[in-house]
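The values are calculated or read from the model by the stated rules, or taken from the named source; none is laboratory data. It should be emphasised that the depicted structure is a prediction, and the values quoted were computed from it without experimental measurement. With ideal geometry, Cβ positions are generated from the backbone for all residues, glycine too; neighbour counts draw on all protein chains shown. With ligands, DNA and RNA removed, areas are computed over all heavy atoms of the protein, side chains included. Shrake-Rupley method; radii C 1.70, N 1.55, O 1.52, S 1.80 Å.
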Amino acid sequence: MKIKRTAAAVLAAVIAFGSLATVGVAEEIPITDNQAQTYAADDVIIEGVLKYKELEDGTLGVLGFSDGNEGLTRVEIPTQVNGKQVTRIEDSAFSSPRCQSLTAVTIPNSITQIDANAFFGCGITSVVIPGSVERIGSFAFQGCSKLDTLTISDGVRDIGVDAFRQCGKLTSVNIPSSVTEIGWLAFYECAELTSINIPGSVTEVGRHAFGKCSALTEINVDPANAEYSSADGVLFNKDKTKLIKFPEGKAVNQSYNVPESVTEIDDGAFTQCALSSVTVPASVTEIGKPYLSRECENNAFESCANLVEINVDTKNANYSSEGGVLFNKDKTQLIAFPAGKTDKSYTVPESVREIVGQAFLECGNLTSIMLPNRVERIGVAAFKNCENLELVTFPDCIATFKNLLALPDSVKFIGSLFITNSMKIAYVIIPDSVAFIGEFGTYSIGLRDVYYGGSKEDWSNATAYWWQNGGEDNYNWSDKRMHYNCEAADFTDSDTQINVSGIFPKGSEFVVKADKELNGDTQCFKYDLSFIGADGKETQPESKVAVKIPMPEELMDKAISIDRVSDGKIEHVGNFYVNDMFYTNDLGTFIFSIPADITSSNTSDESSNNSAGKPDLPAPGGTDAANSDTTSGGDNKPTGIALAIYPAILAASAVVVIIKKKK
């Protein structure tokens, strides 16, 4: 007999877990169901509104509704058909979308097996699983969002992986004393589930079986259970050396001291907890880290919106804390930044070499993070769902515009999902030191440009797992967004002190040609700024650039007339009282002069002190970039990559600045 997983089962697995990122060593999620058989059409038995298949033992398996009956709202599965016992509900028999209208099902006590996906996503509101059923298959009732009444009869032994995941209306579940195994994620995301009683018979509770149950206030374990125990509604192993699950609806905005008997805090132990503070004792030697799947990225303190501090006993030999942030002992790993902290910005300690996966997960208050210059590893989903995060940079970074994630050349590894839609990051600078670059996250629609220090071939090698297996197509990625062999750089001409900063091809040199010429009776200077690439040929910046021309004393506190030359025509920009700088989004030729009819610092209506005439600063890709802003005040620096013109005069009353446009 040929056995294989059907397409529906595979689809359900992808929905449940997403694609697995094989970064480092990740545990495989066990699939333990008897998989559905493959049938030929002529083997199908149709009787009434249902269709069946004869199994090897001579009994029948229900395949689902017969053609034309998929819209029925109720179904009663018979005990026998044509004298043969009905013993199994097959894989995806009544799953969505075919059976979305199904609201009620009667399962007879002849059924011994409910296969994977059997009722996946259907509309049933209640179900009684008879004691004849030995196993409830993986994903069997996942996504039954209207299911509010569940009876598991005595006799059922195994509750499979994801069996009742996302059954959001379930409020209570009675697990009978016959059950020995509760699978991974079995009741995950059952948002209205308030309590769970685990009988003495259970020998295995899978990872995150009760994760993201936001109303759950207690998990109680029969004292006779040989593997598990509970204390004040918290789930532990038998000898309370491992804290497995703190109920998410318990102790809202309160503090919790982990018992001193605990040596291990399981991954997901405090997921979505309502606590404001957790204290870790000296006894703890291991705190769970995320396993590497796209959806189940649980770490010990995931999505704790109220959590403002994690405090570690100073005598702990493996972990430490600083300002409520969790680190390993020597602070080379940043493990968890509490999502409830109100800090708008955070500077990672210089000692940190690794940002552990999900370290800043859902830190919605943060707008900027300063990484150390020597950080080497950015873990999976390190900044995921930081909805207000608009700047991640490091002290030696030259680029200072907004909506930027820039990494130092010490970084060797970037985990998947480090850029996601929920962030306000539009531009990324990645050095060629990075050997592995994971998936860019959930489509990353807001991401506009990536500036990479290596070649296109280097990028292909570093991103081989995702990008060479359909990643570019799947994530709407365009090679037009990529800029290869480039770096952020800052140039200053030694003669004129003109400064230019931006993102340039590697090995570029900045050249200034200064020529004196006459414009009528007015003496002018023309500055020709250009960039020479490593091949000796003239090249162009990869982004817009910021240009700084030193302000001479002759123009200090003077009203200045600014004109722009475009297509051979002179356009008067305006009269401004400029102390130290002028901003513009436009590249071209600019003329700075003191108008003859203005002899003091009193200016026209177009001008104002320092900030007059400053337009919105564009981002590297153009003036329509997300979150461009206007900078005001003479002491402020550009916060977007723009063309910043600082008026200057060496021996004349006017200045002509020529900037070559990118072709």
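Mind checking which residues of the range 79-98 are over 19 Å from ASN117 (Cα atoms) and either under 40 Å from the mean Cα position of the chain (by Cα) or open to solvent by less than 40 Å² (accessible area, probe 1.4 Å) (or both)? Write out each step before concluding.
First, pick out the residues of the range 79-98 that are over 19 Å from ASN117 (Cα atoms): 79-85.
Listed by number, the list holds a single entry, VAL81.
Within the range 202-221, is there a residue that is closer than 23 Å to GLU70 by Cβ, open to solvent by less than 50 Å² (accessible area, probe 1.4 Å) and modelled with pLDDT of 95 or more?
Of all residues in the range 202-221, those closer than 23 Å to GLU70 by Cβ come to none.
No, the conditions are met nowhere in the range 202-221.
Quick one: in the range 371-385, which of the residues that are open to solvent by 10 Å² or more (accessible area, probe 1.4 Å), at negative phi and within 18 Å of the chain's Cα centre (by Cα) is modelled with the lowest pLDDT?
Quick first cut of the range 371-385, residues open to solvent by 10 Å² or more (accessible area, probe 1.4 Å) only: 373-374, 376-377, 380, 384-385.
Among the residues that remain, those that are also at negative phi are: 373-374, 376-377, 380, 384.
Applying the additional criterion that residues be within 18 Å of the chain's Cα centre (by Cα) yields 377, 380, 384.
Details: ARG377: 95, VAL380: 87, LYS384: 90.
Residue satisfying both the conditions and the ranking: VAL380.
Quick one: count up the residues across the range 252-270 that are closer than 24 Å to ILE182 by Cβ and in a loop (DSSP other than H, G, I, E, B).
10
Any idea which of THR285, THR271 is buried (at least 21 other Cβ atoms within 10 Å of the Cβ), β-branched (Val, Ile, Thr) and in contact with an Asp or Glu (Cβ under 8 Å, 6 or more places away or on another chain)? Steps first, answer last, please.
Working: THR285 fails: buried (at least 21 other Cβ atoms within 10 Å of the Cβ).
Going through THR285, THR271 in turn, the sole match is THR271.
Identify, please: which residue in the range 243-261 is touching a Ser or Thr at 6+ places or on another chain (Cβ under 7 Å) and under 24 Å from PRO199 (Cβ atoms) and is, among those, surrounded by the most Cβ atoms within 10 Å (Cβ to Cβ)?
Filtering first and then ranking leaves PRO247.
Any residue at all in the range 220-240 that's among the aliphatic types (A, V, I, L, M) and in a loop (DSSP other than H, G, I, E, B)? Explain how you work it out, then say what you get.
Restricting attention to the range 220-240, the residues satisfying the condition of being among the aliphatic types (A, V, I, L, M) are 221, 224, 226, 231, 234-235.
Filter once more, keeping what is in a loop (DSSP other than H, G, I, E, B): 224, 226.
Yes: the range 220-240 contains one or more residues that are among the aliphatic types (A, V, I, L, M) and in a loop (DSSP other than H, G, I, E, B).
Please report, ordered by residue number, the strands (runs of 3 or more DSSP E) entirely within the range 470-533 with at least 2 residues that are modelled with pLDDT of 90 or more. Let's see the steps before the verdict.
Working: elements: 486-492, 499-505, 509-519, 522-532.
Where strands (runs of 3 or more DSSP E) fall fully within the range 470-533 and carry at least 2 residues being modelled with pLDDT of 90 or more, they are 486-492, 499-505.
Looking at SER351 and the list (1) open to solvent by less than 20 Å² (accessible area, probe 1.4 Å); (2) more than 20 Å from ILE425 (Cα to Cα); (3) in a loop (DSSP other than H, G, I, E, B), which single condition is not satisfied?
Result: SER351 fails condition (1) only.
With respect to the numbered conditions (1) open to solvent by less than 20 Å² (accessible area, probe 1.4 Å); (2) within 21 Å of LEU371 (Cα to Cα), which one is the sole condition not fulfilled by LYS331?
Among (1) open to solvent by less than 20 Å² (accessible area, probe 1.4 Å); (2) within 21 Å of LEU371 (Cα to Cα), LYS331 violates only (1).
Which residue pairs have Cβ atoms closer than 9 Å, lie 6 or more positions apart in sequence or on different chains, and pair a first residue in the range 134-152 that is under 10 Å from LEU170 (Cβ atoms) and open to solvent by 10 Å² or more (accessible area, probe 1.4 Å) with a second residue that is in a loop (DSSP other than H, G, I, E, B) and of a type in the set (A, V, I, L, M)?
Qualifying pairs under 9 Å: ASP148/LEU170; THR149/LEU170; LEU150/LEU170.
Can VAL428 be described as open to solvent by less than 10 Å² (accessible area, probe 1.4 Å) and more than 27 Å from CYS304 (Cα to Cα)? Give the steps one after another, and end with the answer.
Numbers: open to solvent by less than 10 Å² (accessible area, probe 1.4 Å): yes; more than 27 Å from CYS304 (Cα to Cα): yes.
Judged against the criteria, VAL428 is a match.
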